[in-house]
Each structure stands twice: as C-alpha cells, then as structure tokens.
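The values are calculated or read from the model by the stated rules, or taken from the named source; none is laboratory data. These figures come from a predicted structure and were not determined experimentally. Positions of Cβ are generated from backbone atoms using ideal geometry, with glycine treated the same way; all protein chains shown enter the neighbour counts. Surface accessibility is based on the protein's heavy atoms, side chains included, excluding ligands, DNA and RNA. Shrake-Rupley method; radii C 1.70, N 1.55, O 1.52, S 1.80 Å.
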Amino acid sequence: MEGYLKKWTNLFSRWQDRYFILNEEVLVYCDSQGGQIKGQVHLKVAALILVPEDPLRIIINTGITEIHLRASNINEKIDWINALKQAQDKCLSRQSEIKFEYKIQELLTDVWQTGAMFDETLSMLIPKLEKNSQIKEMADRLESIGKNLKTKITLCAQIVEEEKQKLSNLENGTVYESFIHQNSAQSVLREDQLNHQHQSQHGQSQIMSVIEIGQLIRERQPIKYNNLINNPAFQKIKFTNNPKRDRLPYRKDPNEKINVWYLCKELVGKDLGRFSVPIILNEPLSMLQRLAEQMEYSDSLEEADKIIGDSALRMCYIMGFGISPYSANIGRTKKPFNPILGETYEIQTHNCRFISEQVSHHPPISAGYAESKAFQFWAHTDVQTKFNGLCFQVNPVGLFNVILKSSNDHYQFNRCTTKVQNILWGQQYLDHMGQMKFVNLTTGDNGVLELIEKSGKSESEMRGYVKDKNGNEKYKLKGFWNDRLIAYDTQREIVVWKRHQLPLDSDWYYNFTEFAMQLNHLTIDMIKELPCTDCRLRPDQLAFENGWIDLASSEKHRLEEKQRARRKVMAAANQHHVPMFFEEMIDPKTNLKWYQYKGNYFQQQWKQVGQELLDLF
C-alpha cells in the first residue's frame with residue numbers, strides 16, 4: 001500500500017504532506033512520490049496508537065520516537081490501520097516460526113539447573129553410603145560416575161552455548177532476524193565487545209555467562225537469580241572479573257543528532273522528576289551513581305584532615321571537594337536514570353566506601369553516605385528540574401555534610417543551579433551558576449564560592465573567600481570549575497583542587513571520567529555479592545550501556561510498570577515504603593531534613609534478611 005498522508009514535522013512547519021510506501025514490515029516515506037527516502041519505520045518493533053480526540057490521527061511509537069500521521073478522511077485512516085496491522089501480524093507469524101533460539105535457551109537453563117540438583121543430591125548421598133563399609137566401593141564408583149557425567153554434561157552445554165552465540169552473531173538469516181531487540185549499531189558493537197573480551201582474556205581468564213553465575217546464587221539469592229536468568233540483556237553478555245575498564249562496551253557517536261521536536265509538547269513546563277523521560281535523553285548511569293561521583297575527589301578530604309592549626313585552609317580544601325563534581329559534567333548533557341524506590345548502589349575506592357539508596361519516589365530523593373579513616377560524608381539529592389523550551393534547569397535542594405575525624409570539624413554546603421543550554425538548536429552545553437555557601441558548624445568559619453554564568457569571554461569562572469567566625473577574611477579563592485581552584489592570602493597561593501584528565505576518546509563514551517567509567521562496571525564477583533537492589537543489576541541501564549536502545553526502552557517501561565504495580569499494592573494495604581539503610585531525620589543545628597545512615601549495610605546485615613530485600617528488577 002502507498003499514498004500521501006500528513007506528517008507532523010516540527011513546531012514551525014507543523015503538518016506536511018509525505019508519500020508513504022508500505023513494503024512488508026517496513027514503512028518508508030518521501031517528500032513526494034518518486035522522491036528520495038527520508039525515513040523508515042520497522043513495524044515489528046513499533047506500536048500503533050489511535051487518538052480518540054483526533055479521529056484522523058495515527059501514532060507510530062518506535063520505542064525511541066513517535067511519528068504522528070493524519071489521514072484525509074476516516075476511510076483512508078481505516079485502510080492504513082488495517083494494512084499496518086496486517087504487516088505486523090505477518091512479521092510476528094514469521095518470528096514465531098524462527099524463535100527456536102529461545103527453546104535452546106530454555107533447554108540450557110534446564111541442563112544447568114538439573115546438573116546443580118544432581119550435584120547437590122550426590123554430595124548428600126555419598127557421605128551416607130560411605131558409612132556402610134559393605135557398599136563403600138559402590139559409593140566410590142557412583143561418585144566417579146557422577147563426576148564424569150557432570151563434566152560431560154557441562155562440556156556439552158558449553159558447546160551448545162558457544163554455537164548458539166555464533167548463530168546469533170550472523171548478519172543475515174533467520175536466527176539473526178529473531179533477535180528483535182538488535183539495533184542498526186549492533187554489528188559495530190559486537191566487534192568492539194569481542195575485541196575487548198579478547199584483550200581482557202590476557203589479564204583475566206575467567207569468562208562466565210549469567211546462566212553459569214546463576215547456578216552459584218540460585219539457592220542463596222533467589223530474587224536475584226530469577227531476575228538475571230530470565231532477562232534478555234544479561235543473557236547477551238559474557239562477564240569477567242576484570243577489576244577496571246578503560247571504555248564502555250558501546251561507542252556512541254558524539255555528533256549524533258537527536259530529534260527533540262516531538263518531545264516539546266509533553267515536556268515544556270513540566271517537572272522532569274515526575275515525567276518518564278525518553279531513554280534517548282539518558283546517560284547509562286543512575287542518580288545514585290551520580291551521587292557516588294562526589295567520591296572521585298575524596299583525596300581533597302584526606303588532605304584537609306591532615307592540616308593542623310589552620311581551620312580556614314581546611315575549609316578551602318572542603319570547598320575544592322564541593323566544587324569537584326561539576327568538572328565531571330563537562331560535555332555531559334544527558335540525564336541520569338531515575339532510580340526505583342528502594343534501589344541501592346555501593347562502591348569501595350582506594351580510600352573510602354560509599355552506599356546510596358533511593359529513599360523517596362515523589363519527590364525523587366537519593367541518600368548517600370561515605371566513610372574512611374579521615375572523614376564521614378552524607379548527603380541527599382533532592383532536585384527540581386524544569387524545561388522551558390530552551391534549556392533544562394536543575395535546582396538542587398538539601399545540604400551536603402562532611403566531618404573530618406582529626407579535628408571533628410563538621411561542614412555543610414549547598415550546591416548551585418545547573419542549566420543545559422541550547423536543547424533545540426545550536427551546540428548544547430552545560431553551565432553552573434550561583435552561590436555555594438560553606439559553613440564549619442564546629443568553628444564558625446564560613447566561605448562562599450560564586451559560579452559566574454557564561455557570558456561573552458567569561459566561562460566556567462568562579463571566585464570566593466573564606467572568613468573566620470568574626471568575619472575576618474582569611475583566604476580568597478579563584479579558579480575555573482573545569483580546571484582548578486586556588487586559595488591565596490598575602491603570602492602564598494595553594495592549589496586546593498585540580499581536575500583529572502579525561503580518558504582517551506571519552507567523547508565517544510558520554511564524556512565519562514575514568515572514575516565514572518567504573519561506576520556501572522559489573523564483574524562476576526559483583527553479581528554474586530551485590531544485593532539484588534543494586535543498580536548495576538538494572539537491565540534497562542545495562543542494555544542502554546551496551547547500545548541496545550530498543551531493548552533498553554522496553555525494559556525501562558517494564559520496570560516502571562512494575563514499580564507502579566508495587567505502589568498500588570502497598571496503597572491498597574495502607575503500607576508505606578521504609579528505606580532499608582537510611583532514616584529520615586531533622587538536623588537539630590539547622591532544623592532541615594536529612595537522612596541518617598543506619599550503619600547496617602557494610603556489615604552485610606542485608607544478606608541475613610534474604611528474600612525480604614525488594615524485588616525491583
């Protein structure tokens with residue numbers, strides 16, 4: 001079928017005639033009949049949506065964008081809807097005939113599960129048989145046969161898995177077609193992954209599938225086992241125990257253009273904390289992990305803790321620590337994933353350990369806590385986000401807290417306003433502006449950093465001061481939040497913070513710093529040890545990091561629906577969510593709300609509650 005339909009283009013050109021051609025499951029369109037193809041839609045991964053208030057409109061949701069069409073009359077609309085649905089039905093019928101790889105996956109899962117049960121039964125039976133001397137020889141023989149059988153079954157299953165992976169890597173043919181979540185960048189991604197795996201094998205030989213890892217956690221962590229073993233994102237990946245990585249598994253073109261016109265109607269004037277942002281506007285990290293990025297420059301706190309006798313200089317280092325996360329935002333105009341209520345994240349660096357938890361859904365609030373031999377840190381991210389048609393604006397709410405253990409100084413500071421400019425046209429950039437106020441609640445020292453909004457030649461500039469409790473100025477500060485912060489008095493200048501260099505080709509990896517590159521890195525040991533609520537186990541974020549956009553979008557929608565269903569169940573039972581690792585408190589010094597760490601995470605008390613942990617993913 002082919003013919004002219006109206007297509008929504010943008011806010012200025014509005015509805016324009018386009019010539020559409022339906023060829024099997026692919027719908028293409030041109031400016032006019034016989035013209036150059038302007039775009040195409042694969043109906044096998046698209047949804048058709050009707051609009052009751054506009055009876056002539058047809059919406060095609062591709063998972064990434066929505067295409068709005070309008071027929072000239074009802075009969076024409078009915079003809080197109082019928083043709084599009086018939087094309088989808090034919091596509092689905094072909095897919096049902098060639099989805100044998102799922103049957104292979106089910107058989108492999110059964111093999112691994114049966115093998116684990118056999119091994120467990122054998123380990124219980126042999127000791128009992130050995131107690132009877134008359135049948136000890138039979139027990140030894142049974143044990144030998146059992147081990148041999150397990151070895152052969154394991155080998156066969158591994159070979160089948162390898163062959164299945166080879167088939168799934170074919171660029172053509174029915175097996176490849178059955179993987180409906182593959183996108184156009186998959187061939188590039190696969191080559192990059194295989195090269196990276198080959199390089200990793202020189203340093204770490206252990207490579208395991210999620211099915212193999214699943215057998216190690218099946219009995220002890222059933223929620224995690226069920227979520228991982230049945231998820232297509234995890235089934236696609238081979239995991240190692242490489243402790244670090246120097247790149248993400250998928251190279252994202254930094255010059256990729258995003259068509260944001262279709263977003264405007266839904267986004268303008270709305271609080272993005274209450275809006276399900278399309279996944280193309282995200283980066284593959286969550287807000288919990290963004291809070292953890294504060295720890296990239298925890299060395300500044302270590303240095304401050306070493307200073308004796310100069311509380312004002314200690315304050316300067318605290319201010320350097322406070323400003324440091326903004327340097328990691330350069331070139332990062334994407335939004336982090338909103339965590340699910342109860343989601344957690346942990347990380348342990350060379351000098352500290354950090355835990356965060358999503359403690360509130362509306363408003364979305366992430367609470368975090370870190371500790372080391374030199375300091376304690378806690379904070380919560382309560383932000384208000386707005387889109388006015390020209391820029392995204394983020395207004396933080398709440399205070400960050402630091403205690404230095406040597407001096408027992410307690411510091412509090414706020415964060416400044418952040419804007420992502422030129423959303424619709426021009427070169428996007430991120431800017432920070434406003435005052436950051438710091439106070440030492442122990443000594444009375446205070447400091448101010450003024451971040452100056454970009455204008456003309458002024459860019460990323462900041463300046464400030466530190467005063468004692470009597471108002472006497474002790475240090476001036478100057479610098480740029482994308483470079484360094486310098487404290488100076490009448491006698492000397494001290495660099496109290498300096499930005500780390502970005503990794504090679506970071507622009508192809510969302511402009512992540514080396515520290516940020518590790519935040520979503522997932523190893524075999526992590527899968528075994530992390531709680532089932534850790535955001536590294538979140539499938540939509542993992543799929544997005546690997547470049548599987550369609551799969552990530554569908555998984556994101558599934559998790560959102562799962563979260564809504566849980567809220568309805570709790571509301572019906574008159575229940576309220578209680579954070580597991582943090583408790584809401586009122587600060588007696590400031591009378592402001594904050595979240596106190598309960599001290600029950602790093603002692604791994606959560607492992608003792610087993611299935612009481614939330615099933616989020």
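Data overview
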item	result
Cα-based shape type of region 21-61, given that a ≥ b ≥ c are square roots of the gyration tensor eigenvalues and the cut on a/c is 1.5	oblate
GluC sites (Glu not before Pro) within region 1-55: DSSP coil, no more than 10 neighbouring Cβ in 10 Å	GLU53
Cα-based shape type of region 488-586, given that a ≥ b ≥ c are square roots of the gyration tensor eigenvalues and the cut on a/c is 1.5	oblate
Accessible area (Å², per residue) of region 483-550, counting only protein heavy atoms and a probe of 1.4 Å	37
Chain lengthening between ASN351 and TRP508 when straightened (0.36 nm per residue, less Cα-Cα)	53.6 nm
Rough spin-label spacing in nm, given labels placed 7 Å along Cα→Cβ, for LYS90 and GLU459	5.4
Rounded accessible area per residue of region 337-388, 1.4 Å, Å²	31
Loop chymotrypsin sites (Phe, Trp or Tyr not before Pro), region 382-455, which have at most 14 other Cβ atoms in a 10 Å radius of their Cβ (DSSP)	TRP425
Too-long pairs where the Cα-Cα distance tops 27 Å, listed order kept, from LYS386/LYS454; LYS454/LYS478; LYS334/LYS593; LYS44/LYS568; LYS77/LYS562; LYS236/LYS562	LYS334/LYS593; LYS44/LYS568; LYS77/LYS562
ILE49 paired with THR490, simple spin-label distance in nm, labels 7 Å along Cα-to-beta-carbon	6.7
Solvent-accessible area per residue for region 1-94 (1.4 angstrom probe, square angstrom)	57
Neighbour net charge for TYR19 - beta-carbon separation under 15 angstrom, K R +1, D E -1	+1
Gain upon complete extension [ILE81, THR442; 0.36 nm per residue less C-alpha separation]	123.0 nm
Accessible carbon and sulfur surface of region 442-574 relative to its total accessible area, %, 1.4 Å	48
Loop-resident sites, region 324-406, for trypsin sites (Lys or Arg not before Pro), counting at most 10 other Cβ within 10 Å (DSSP)	LYS373
Estimated FRET transfer efficiency (GLN40, ASP615; beta-carbon r; R0 45 Å; 0.05)	0.70
Summed side-chain charge close to ILE330 - residues other than ILE330 whose Cβ falls under 12 Å, Lys, Arg +1, Asp, Glu -1	-2
Environment charge at TYR225 (Cβ cut-off 9 Å; Lys +1, Arg +1, Asp -1, Glu -1)	+2
